[in-house]
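Peer 1: Following this message is one structure expressed as structure tokens.
All of the numbers you see were taken from the coordinates with simple rules; none came from a lab. What you see is a predicted model; the values in this text were computed from it and never measured. Counting neighbours? That spans all protein chains shown, and the Cβs are built from the backbone with ideal geometry, glycine included.
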Amino acid sequence: MSSPRQLTVRSSLAQPDQTSRARSWATSATVRSVMVANKKKNTTPELRLRAELHRLGLRYRVHAKPVPGVVADVVFRPKRVAVFVDGCFWHGCETHGTWPAVNRHYWQAKISGNILRDRRVDDLLVVAGWRSVRVWEHEPVIGAAIRIYDLVRIGQGRERPAVG
Ligand SMILES: [Zn+2]
């Protein structure tokens, strides 16, 4: 299955220099604690996606819990669609997710743990009858928004498994 994860396009959700900046941050031990604390909501890619979804006429809840214990970035409760905007660094994007040289094992464990957790969350949602949409911060915002729009408005992809 051709994965949207492979998309690397110009008008990306991330600022042009964002991923390279994240990478250079990670090599600096001084800023590492900032990065950990920096796993926050309302990141620029997330805000851009929300703005685009809104522009398409979609209404949603932000940082809501589709199921107990899971907070999604954008939630369409009536349609049971939960959207997560995944940062390339934190979620191990295959294109931009190079692991820092400094404290490599720490980051390897950390990011692998994040990826496993993402999959568990996806499984949890599917079991509960939800569809989980993962959007990479590097994805073109229009494409990501349309993908979500299709799921929410048209219901396209309902029969497709959300994972695997
Ligand atoms: Zn990426």
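Peer 1: For the residue pair R104 and V126, what label-to-label distance in nm results when each label sits 7 Å from Cα along the Cα-to-beta-carbon direction?
Peer 2: 3.3 nm
Peer 1: Once label points are set 7 Å from the Cα along Cα→Cβ at both K41 and L116, what is their separation, rounded to one decimal in nm?
Peer 2: It works out to 2.7 nm between the two label points.
Peer 1: Out of residues 5 or more away from V81 or on other chains, whose amide H comes under 5 Å of its own, with H placed 1.01 Å from N in the peptide plane?
Peer 2: For V81, the qualifying residues are F76, R131.
Peer 1: When N counts the residues of region 39-152, how does its alpha-carbon radius of gyration compare numerically with 2.2 N^0.38 Å, as a ratio?
Peer 2: Relative to the 2.2 N^0.38 Å estimate, region 39-152 comes out at 1.08.
Peer 1: Still on this structure, I have one more. With a 10 Å Cβ neighbour count serving as the proxy for reagent exposure, in which order, fewest first, do E137, E46, E52, E94 appear?
Peer 2: Lowest to highest Cβ neighbour count: E94, E52, E46, E137.
Peer 1: Please give the charge dipole size of region 39-152, origin at the Cα centre, charges +1 on K and R Cβ atoms and -1 on D and E Cβ atoms. Round to the nearest 20 debye.
Peer 2: So the magnitude is around 460 debye.
Peer 1: Starting from the amide H of D86, placed 1.01 Å from N in the peptide plane, find each other amide H under 5 Å away whose residue is 5 or more places distant or on another chain.
Peer 2: So D86 has HN proximity to V135, W136, E137.
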